[in-house]
Structure formats: structure tokens, C-alpha cells
Amino acid sequence: MYKYLAFVGIIFLLVSACSETVETRLQLEYPFSVFGIINPKADTHAVRIFEIKQNIALVRPDPIDAIVTTTQIQSGEVYTWRDSVVQLEDGDYRHVYWSEFKASMGETYHLKVTRSDGAETEAITTVPALVNLEVLEPDTLKPGQAVMPLFIEGSPPTLPRIDVEYVVVGLDEDGSNPVFGRVVFNYAGLAAPETGGYILNIDLREDYLDIYQLFDRDDNITFTTIDLREINVTVHVGDSQWISPVGFFDENFLVEPGSFSNVVNGFGYFGSGYIESTSFRPPLALIRRAGFHVP
């Protein structure tokens, strides 16, 4: 199993900084690269379209030669996506196509990006079912352990990322000079199948030891004065194609063209998915057992 931490969360790969400059240097004959998702919890969806041309490093704001449509397979209804131009801080541009429609679980969508000469890039996705997050009662008496269970109710095709964020405050020996922090652990792959869903066991003790190491020694924070204020859990639910070839979502690897793609005659990924979140504070007995400070 693979778990790591960071001070800032990393969002779904599809809406992160997938590199297009790498793709242009490959000098391939594919017409487009595509990055986007259909979100069943939203009314508007977005997909980023990039024309693959040799040796182009800068995307222009001018209209591109692309018509973008999706066909809802069950009903045959066709949606046309509209282009919008987003300018980045470095002066480069992105063409983000958007469309308004409501997607439901189990529906299948066929995306087509068509060039005027007839060349097409396409992909298909089936919208995953919705899940429900339930915070369970922990065992606060088990010696040497501080585990907080979370039940993910439902039948998600994949859970590509699970972020567990600790909201903490570190104090010095006098109980003053607070240092606030948010530490995110990726629990992807650690949810175990259970009847009716998955169980995620959040190991407060193990995470606490890593959190303590992240505090700056110059702040004079002691291991007995880190106060846990809240835990925020964000579960990413993806369609059945959200399976990383390396077993976990390493963004540095997956942005490489062709390493993770369901696009035909192109690069990128067009899928469906959403996030479900919950927040809670564990019982004080469990917080204390993990090693956190309890005022």
C-alpha cells in the first residue's frame, strides 16, 4: 500500500497541470489531446482541448479547428460543447470547452473532437454511482492504537484518491505562539472492501508521528503540544477506467503522454467522477491516545 503526505492537497489528475508542452515535442500526427471529466454532481462540465502541432510551445487565443460533442448513449441525445479561452499567468492560453447538462449514474457518454478535415479524437466514459461517507465509532480502548474508521457506502468503480487532511495547531512549551497547519495524507489504496462498501481506517497515531516531523524545529513545538482541531476527508470517485498502471496516482508519471489515457487517436483522459467530503473531530480519548495535545 502507498501513502504519503504533503502540506497542500493535490486535486484530481484531470483538473491538475497536465503538461501539453511535452506532447508537442513528440511530433505525432494525432489531432488533439483531451483532458476533462463529467461530474454527476454538477450541471456544467469542462474539457480542455489542445491541438497537437509540431514544435508549438505557445497556445494562441484564436479559435481552434475543433468541434466537440458528446452523445448520451442510452438516449442518443447529443450535446455540443462551447469554447472558452483561459489565459495563464505565464501568458499562455488554454481552450476549455464547456457544456451544460445533468449526468446520472450509469449513463455512458461518447466524446468526439472533430477537425475540419474529418480527423477525430474520441473517448467513452460511464458515470460512477454515488457514495455516502459515514464516520463510525472508534475503539478508544485498544492498547497502542488510535484508529478512526470511515465507511464508504456504495459501489464505486474506483477510488483513485483519498485525501485525509489534519487541521492542527502547534504550541510552544508555554502554550503560546500557535503555529497553524494543514497536513494532507493520501490514503489511496487503503480502503478495504466490506459488505455494502469500503472501510477506511485512519491511523491517527502513525499520522501524528509524521505531522510532528513537519513542524519547524525553530518554532519550539514539542511533541506534547500539537492540538488536533479537525479531520477533513475527501474521497475521489472515478469511473472504471481510473486505474493507474503503477498502482497509485503519481502525478509526475501520469502527465507523461500515453502513460495514462483512454483517448482514441489522441492523448489525455476523458472520464467521469466526483468528490465526496466529510469533516469530524475524533473522540478526545482517541486524540490523546494518538499523541496529540488535549487542552
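Structural remarks
- 3J(HN,Hα) couplings calculated from phi for the stretch 162-167 with the Karplus curve 6.51 cos²θ - 1.76 cosθ + 1.60 (θ = phi - 60°) are, in sequence order, 10, 9, 10, 9, 9, 9 Hz; Gly and Pro show x.
- Under Karplus coefficients 6.51, -1.76 and 1.60, residue-wise ³J(HN,Hα) of the stretch 182-195 in Hz, glycine/proline x: 10, 10, 10, 10, 8, 9, 4, x, 9, 7, 9, x, 9, 4
- Footprinting exposure proxy ranking of 108, 44, fewest other C-beta atoms within 10 angstrom first, gives 44, 108.
- The H on the amide N of residue 188, modeled in the peptide plane, is under 5 Å from the matching H of 162, each at least 5 residues off or on a different chain.
- Residue-by-residue Karplus 3J(HN,Hα) for the stretch 75-89, coefficients 6.51, -1.76, 1.60, Hz, glycine and proline x: 9, x, 5, 10, 10, 9, 9, 9, 7, 9, 10, 10, 9, 8, 5
- Residues whose amide H falls under 5 Å from that of residue 229, counting only those 5 or more places apart or on a different chain, are 167, 168, 169, with hydrogens built in the peptide plane.
- Cα-projected label distance for residue 142 with residue 67, points at 7 Å along beta-carbon direction, nm: 5.9
- The packing ranking, built from the mean of other Cβ atoms within 10 Å per residue, places the peptides 265-275, 124-134, 161-171 in the order 265-275, 161-171, 124-134, highest first.
- Amide H contacts under 5 Å for residue 202: 148, 150, restricted to partners 5 or more places along the chain or on a different chain, H placed in the peptide plane at 1.01 Å from N.
Read-outs: derived from the displayed coordinates by stated rules, not from any lab. Nothing here was measured: the structure is a model prediction, and the numbers come from that model. FYI the Cβ positions are ideal-geometry reconstructions off the backbone, even for glycines, and counts take in every protein chain you see.
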